[in-house]
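The values are calculated or read from the model by the stated rules, or taken from the named source; none is laboratory data. A quick note: this is a predicted structure, and the numbers were derived from the prediction, not measured. Using ideal geometry, Cβ is built from the backbone for each residue, glycine included, and neighbour counts are taken over all protein chains shown.
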Amino acid sequence: MTELQNLDDSMFEKLEDSEKNTEFIAMESKTYLRDAWDCFKKNRLALAGLIFLLFMIIMAVAVPILSPYTYDSQNLDVRNALPSMAHPLGTDKLGRDILVRLMFGARISLMVGFVAAFLNLIIGVVYGGISGYAGGKVDMVMMRVIDCIYSIPSMLYVILIMMVFGSNIGSVLLGICVSSWIGMARQVRTQVQTLKQQEFALAAYVIGAGKLRILFKHLIINCMGPIIVSTTLMVPEAIFTESFLAFIGIGISLPQASWGTLASEARSVIQSYPLQIVWPVLAICLTVLSLNFIGDGIGEALDPKNRQEV
């Protein structure tokens, strides 16, 4: 026994503490959201779009509060003034500060975009989820209702709603949301029809889970990636729709300012003061472009198949 112990001591030597775990390799543990955020940051266009959007939101909140001017205050002595220290973006034909009106318009346009996208998300997910999970005659009837709504031009809905409820933010939101949720509903329906045949959904049904629990706790959760991407892309679409409605005169009523109303007002002086129409058009284009970049970045971050190492 003693000879065996001596043999073991000669063959094996204890390592010092400093030499232990020198070849130990470990990866940092990350949650799904943390991993998606790290992937999103690698997309420079998406990150730049997010920074610009946050900057626009901060300016929209701060500028109307901190500025000595209001969005509707007029000063006929400085009509159509060029950019200066007092008025960084100049003034319009009534002497109102364009920067303040542009940032006040950002409040309305961004609020319409995000609220419309949120409402379309709720309606589309619930309607499409029920249609896809129920199937059969329920699905057929619900899809025919969608076909009927989609067959009528969305502009007709907006005009009729404006005639009944007047030109205000609520009417614009209602007009945008009447038919905009259809695309989301169809997408969710397709996803749910595919997922409800998977083993995890059948297992939940076998152990006694209710239909609503299976739909919202199992099926909807597993298709949140495409849903989030579609919701992100709904925001610029709603902003552009609101701006277009205001530009043709059936959107937000004056003296309230949105980017569309600013562009519509500047159209009358475009030949004499073309710079006035540049600011709202530039704000619309950059914001819509940023939101599209963010949507693409989120889609890449949430889908592992599309991730690219940088």
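Yes/no per residue for (1) in contact with a strand residue (DSSP E or B) (Cβ under 7 Å, 6 or more places away or on another chain); (2) under 22 Å from N120 (Cα atoms); (3) modelled with pLDDT of 85 or more; (4) of a type in the set (S, T, N, Q):
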position: R189; (1), (2), (3), (4): no, yes, yes, no
position: A209; (1), (2), (3), (4): no, no, no, no
position: I221; (1), (2), (3), (4): no, yes, no, no
position: Q256; (1), (2), (3), (4): no, no, no, yes
position: I294; (1), (2), (3), (4): no, yes, yes, no
Next on the checklist: Within region 215-228, does at least one residue satisfy the condition of being farther than 21 Å from P280 by Cβ, among the small types (G, A, S), assigned to a helix (DSSP H, G or I) and under 18 Å from the mean Cα position of the chain (by Cα)?
Outcome noted: yes
Checklist entry - Taking region 139-157, which residues are of a type in the set (S, T, Y), out of contact with any Gly (no Cβ under 7 Å at 6 or more places or on another chain) and surrounded by 14 or more Cβ atoms within 10 Å (Cβ to Cβ)? => result S154
Checklist entry - Just checking, how many residues over region 262-302 are touching a Gly at 6+ places or on another chain (Cβ under 6 Å) and either more than 23 Å from L54 (Cα to Cα) or among the hydrophobic types (A, V, I, L, M, F, W, C) (or both)? => result 4
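Results for (1) among the basic types (K, R); (2) at pLDDT below 85, shown as yes or no for each residue.
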residue: R79; (1), (2): yes, yes
residue: S84; (1), (2): no, yes
residue: D92; (1), (2): no, yes
residue: F104; (1), (2): no, no
residue: N120; (1), (2): no, no
Next on the checklist: Of everything in region 256-289, what is hydrophobic (A, V, I, L, M, F, W, C), surrounded by fewer than 17 Cβ atoms within 10 Å (Cβ to Cβ), touching a residue at least 60 places away in the same chain (Cβ under 8 Å) and farther than 16 Å from F240 by Cα? Give them in sequence order.
Outcome noted: V269, L275
Checklist entry - From I65, I58, which residue is modelled with pLDDT of 85 or more, more than 16 Å from the chain's Cα centre (by Cα) and loosely packed, with under 10 Cβ neighbours inside 10 Å? => result I65
Checklist entry - When region 164-202 is examined, which residues are found to be in a helix (DSSP H, G or I), more than 25 Å from the chain's Cα centre (by Cα) and within 25 Å of V115 (Cβ to Cβ)? => result V164, F165
Next on the checklist: If I ask for residues that are of a type in the set (S, T, Y) and either in contact with a helix residue (DSSP H, G or I) (Cβ under 7 Å, 6 or more places away or on another chain) or outside any loop (DSSP other than H, G, I, E, B) (or both), which ones from region 238-288 would you list?
Outcome noted: T241, S243, S258, T261, S264, T287
Next on the checklist: Can you find a residue that is surrounded by fewer than 19 Cβ atoms within 10 Å (Cβ to Cβ) and over 25 Å from C285 (Cα atoms) anywhere in region 108-115?
Outcome noted: no
Checklist entry - For G225, which of the numbered conditions (1) in contact (Cβ under 8 Å) with a residue 60 or more places away in the chain; (2) in contact with a Pro (Cβ under 6 Å, 6 or more places away or on another chain) fails to hold? => result (2)
Item to check | Subset tally (residues that are without any contact (Cβ under 8 Å) to a residue 60 or more places away in the chain and surrounded by fewer than 18 Cβ atoms within 10 Å (Cβ to Cβ)) for region 158-177 | outcome: 5
